[in-house]
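Novice: Okay, here's the structure, questions in a sec.
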Amino acid sequence: MPTLNRSQFLKFSVGLAAAAAAPSRANGQARKATPKGAETVLTDAIVLTMDEQRHAYWSGFVWMKDGRVSRVGPMDRLGEVPPTVTRRTLKNRLIMPGLINCHTHLSNGALRGLYDEMPLELWFAKGMWPVLDGLDRKNGEAGAYLAILELMSTGVTTTATGEIASPHPELMDGVLTAVEKSGMRAVVSRISMDSADESSPAQFIQKGYRDTPTFAADEVRRLQKRFNSDRISVVPEALGVMRCTEEMVRSLHALSRETDCHFTMHAASSQDERDGSRKRFGHGSITELERRGVLGPKTLLAHAVWLDDGELKLVAERGTGLSHNPVSNAYYASGEARLKDLVSAKCRVGLGVDGSSTNNGQNVWETMKMAMLLQKAALEQASFGSAELALELMTRGGAAALHMENEIGSLEVGKKADLIVIDIDRPSLAPRQTIVSNLVYSNDPWAVRDVYIDGEIVVSDGVHRTIDKPSAIDNARLALGRVLKTAGLEDYMATRSSWTWK
Ligand SMILES: [Zn+2]
C-alpha cells in the first residue's frame, strides 16, 4: 500500500517544538468520568493519522479500545488486531482525527445574521448591552445547542468557547448543560469584564455588566465543581486588556494556576484595541499581557491579529496558545493576522470559527479554506500555505494551541479516540487522487458522516445521537425572537432589508 509520508517536505510542524505541555488533569476537583465507546476496529478506509511524520494510508485501519487509539496502520498490518474485535468496514470513507475548534461563543448560536452590516451607532445603542440583557440562561442554552449541533455534525470533537456571563451568571449553567449533554470535549471559559475607563467607548464596560474578581473566581469554582469531567474543563477568562482591570487579569490568571486549567483572553483583536492599548499603556496589548505575567503556561488568546515582531517572538517563547479566526476577522474588517509568520515562528496556533454573531456559520471547513485564501490575498502570494497546512492547523495545531497535544490532534497509539469518518464518494470530494486538497479547497462539511469522541459514536451516518435536531433548530428560532424583543431590535430586523417582503 502506498504511504504518503510528507514530513521531509514540511519544515514547520505547527508549534509542536515548544516544550511538552502537562497532560490535562483535574481542576482541583475530581473529574466526572464520561462514557467510553465499545472496542471496535474501523477498516478499509483512507486514514490520515496527522502524526509527527503525517503517516497516511490509502487503505488502513484504526483500532479503538477503552476510548483510546490502540493501533493504527495500513491494512496489511490488520493481523495485529485480535480477530475477536468487532469490525466495521468503511470502503469509500476517510478517517481522520476529530477537528479542534479553538474559538467560539456557543451561547451566541441563535444570533446568526443579526449583526450583518449593522450600523455602528445601532451596535452601540442596542447591539451590545441590550442583547446581553436578552441572553439569559434559556436563550444561551438554546444558542449553544444550535452551535454544537453544527460544530459536532461537521466534525468538531473539541471546542474552546467563551461565554459572557453578565448580566446573567446562570447563562453558564445553560451552556454547560448543553455541552455536557452533547458529549463534546470542551474548554469553556467564563468571561469577566470590569473596566470603568471611559477613554475608549468600544472598550468601556457599563455598570451592571462588571464582575468583581472575587465573584468571577467564585463562579468559576462553582462551575468547575458542577461540570468538570473527562471532557469538560471550566476555565476563567478576562475578556481583554482594555476591558479588564489589571487586578481582574492577574487574579483570574492566578486562579487558573491554582486550579491547573487554561486562562483565556481576547487579545490584539481589532484596530480599536491596538490603538487604545498604545494610548493607555504605551505599547501593544500582548506586551501589556507580558508585563502582567499572564502569557503562559496554559494561556489561550483569541484573534492575535495585531502583533509586532517582538510580540510574535514573545508568544512563541512563552508557549502561548493562539486561535486564528480568519472569517470573523474579515467579517468585522479587523485586519488579517500574520498566520505565515506565526507558523514560521512555531507558535502554538490553531483555528477558530468565532461565534455566530461574528462569522456567522460554525463551519470549520470554511474556516480552514479562508485561513489559506485570506493569507494568500494579504500577502499577494498564491503559493502560501496548502490544504495540508489547513488540516494540520485544525487538528495538531489546535491541540497545541489548547496545550492538549498529548491527548488529541492526531491518531496515535494511546491518544483519545476522537475521530471522524468522511464520505469521499461525493461530487465535491472527487476525484480521490486529490482528496486532501478537495477536503479543504472544495469543502463539503456535511460529508462528515460519523463522529467518535472517546471512541463513543455521537454522530452516526449524519444523525446526532445526543441532540434532538428539530427541537434545537426550533428553540434557536424562539430564542432569537426573545432576544430581539428584549434588545428592542425587532423593528430594525423588520425593516433592514431593501427588498419588498410580503
Ligand atoms: Zn470571540
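Novice: Enumerate the calculated ³J(HN,Hα) couplings along the stretch 99-116 in order (Karplus 6.51 cos²θ - 1.76 cosθ + 1.60, θ = phi - 60°), each rounded to whole Hz, writing x wherever the residue is Gly or Pro.
Specialist: Result, ordered by residue: 7, 10, 9, 8, 7, 7, 9, 4, 5, 7, x, 8, 8, 3, x, 5, 9, 4 Hz.
Novice: Per residue of the stretch 83-88, in order, report the coupling 6.51 cos²θ - 1.76 cosθ + 1.60 (Karplus, θ = phi - 60°) as ³J(HN,Hα) in whole Hz, putting x for Gly and Pro.
Specialist: These are the phi-based 3J(HN,Hα) values: x, 6, 6, 4, 10, 10 Hz.
Novice: Output wanted: per-residue J couplings in Hz (rounded whole) for the stretch 454-466, from phi through Karplus 6.51 cos²θ - 1.76 cosθ + 1.60, θ = phi - 60°, x for Gly and Pro.
Specialist: In residue order, the calculated couplings are 6, x, 8, 7, 9, 10, 10, 6, x, 9, 6, 8, 10 Hz.
Novice: In whole angstrom, how far apart do the alpha carbon centroids of the stretch 251-274 and the stretch 393-455 sit?
Specialist: Their Cα centres are 29 Å away from one another.
Novice: While we're looking at this one, here's another question. Against the longest alpha carbon principal axis of the chain, how many degrees, from 0 to 90 and to the nearest 10, is the axis of helix 469-487 turned?
Specialist: Taking Cα atoms only, the helix is inclined about 10 degrees.
Novice: Arranged by the count of other C-beta atoms within 10 angstrom, fewest first, what order do L389, L314 take?
Specialist: L314, L389
Novice: Identify all lysines with a Cα-Cα distance to K207 below 25 Å; exclude those on the same chain that are fewer than 8 residues away in sequence.
Specialist: K126, K138, K279, K485
Novice: By the gyration tensor of its Cα atoms, with a ≥ b ≥ c the square roots of the eigenvalues, what is the shape of the stretch 83-236: rounded for a/c under 1.5, prolate for a/b over b/c, or oblate?
Specialist: prolate
Novice: I've got another one for you. Taking the Kirkwood radius as the inverse of the mean 1/r across Cα pairs, report the Rg/Rh of the chain.
Specialist: Rounded to two decimals, Rg/Rh equals 0.96.
Novice: Rounded to the nearest Å, what's the spacing between the alpha carbon centres of the stretch 459-502 and the stretch 92-129? Just the number, please.
Specialist: Each part reduced to its Cα centre gives a spacing of 13 Å.
Novice: Then there is this: Counting only C-alpha contacts under 8 Å and six or more residues apart, can you give the relative contact order of the chain as a whole percent?
Specialist: Relative CO of the chain lands at 22 percent.
Novice: Could you put W501, W365 in order, starting from the residue whose Cβ has the fewest other Cβ atoms within 10 Å?
Specialist: W501, W365
Novice: Quick one: helix 137-153 against the long Cα principal axis of the chain, what's the angle to the nearest 10°, folded into 0 to 90?
Specialist: Value to nearest ten degrees: 30.
Novice: Work out the length of the dipole vector of the chain about its Cα centre, built from +1 on the beta-carbon of each Lys and Arg and -1 on the beta-carbon of each Asp and Glu, and round it to the nearest 20 debye.
Specialist: In total the dipole reaches around 840 debye.
Novice: Residues with amide H under 5 Å of R68's amide H, sequence separation 5 or more or different chain, H placed in the peptide plane at 1.01 Å from N; which?
Specialist: Result for R68 returns A417.
Novice: Here's a follow-up. Quick one: which of 481-490, 339-348 comes out on top by average Cβ neighbours within 10 Å, and what's the full order, highest first?
Specialist: Ranked from most to least packed, the peptides come out as 339-348, 481-490.
Novice: Tell me whether the stretch 245-376 comes out rounded, prolate or oblate; compute the Cα gyration tensor, take square roots of the eigenvalues as a ≥ b ≥ c, and use a/c under 1.5 as the rounded threshold.
Specialist: Verdict is prolate for the stretch 245-376.
Novice: Under a straight-distance cross-link criterion of Cα-Cα below 27 Å, which lysines are reachable from K346, leaving out those fewer than 8 residues away in the same chain?
Specialist: K11, K298, K313, K369, K376, K415, K416
Novice: While we're on this one: Which trypsin sites (Lys or Arg not before Pro) from the stretch 398-440 combine a DSSP loop assignment with at most 15 other Cβ atoms within 10 Å?
Specialist: Loop-located and lightly packed - none at all.
Novice: Something else: What net charge do the residues around S251 carry, taking every other residue with its C-beta under 12 Å from that of S251, with Lys and Arg at +1 and Asp and Glu at -1?
Specialist: That works out to -3.
Novice: Taking the beta-carbon count within 10 Å as an exposure proxy, list S192, S386, S460 from fewest neighbours to most.
Specialist: S460, S386, S192
Novice: So which chymotrypsin sites (Phe, Trp or Tyr not before Pro) in the stretch 141-213 end up in coil per DSSP with only 15 or fewer other C-beta atoms within 10 Å?
Specialist: Those that pass, being in a loop and sparsely packed, are F204.
Novice: Something else about it: I need the shape label for the stretch 378-434. Rule: rounded when a/c is under 1.5, else prolate if a/b > b/c, else oblate, with a, b, c from the alpha carbon gyration tensor.
Specialist: Here the stretch 378-434 falls in the oblate category.
Novice: Let me ask another. Using packing as a proxy for protection, rank 146-158, 237-249 so that the peptide with the highest average count of other Cβ atoms within 10 Å comes first.
Specialist: Output ranking for 146-158, 237-249: 146-158, 237-249.
Novice: Would you be so kind as to identify which of L393, T466, N443 lies farthest towards the positive end of the dipole of the chain, taking Lys and Arg as +1 and Asp and Glu as -1 on Cβ and the Cα centre as origin?
Specialist: T466
Novice: Among G79, A202, W58, flag the residue with its Cα farthest along the positive direction of the charge dipole of the chain, charges on Cβ as +1 for Lys/Arg and -1 for Asp/Glu.
Specialist: Value: G79.
Just so you know, all these numbers are worked out from the coordinates, no wet-lab data involved. What you see is a predicted model, and the numbers here were worked out from it, not measured in a lab. Note that we place each Cβ from the backbone using ideal geometry, even for glycine, and neighbour counts take in every protein chain shown.
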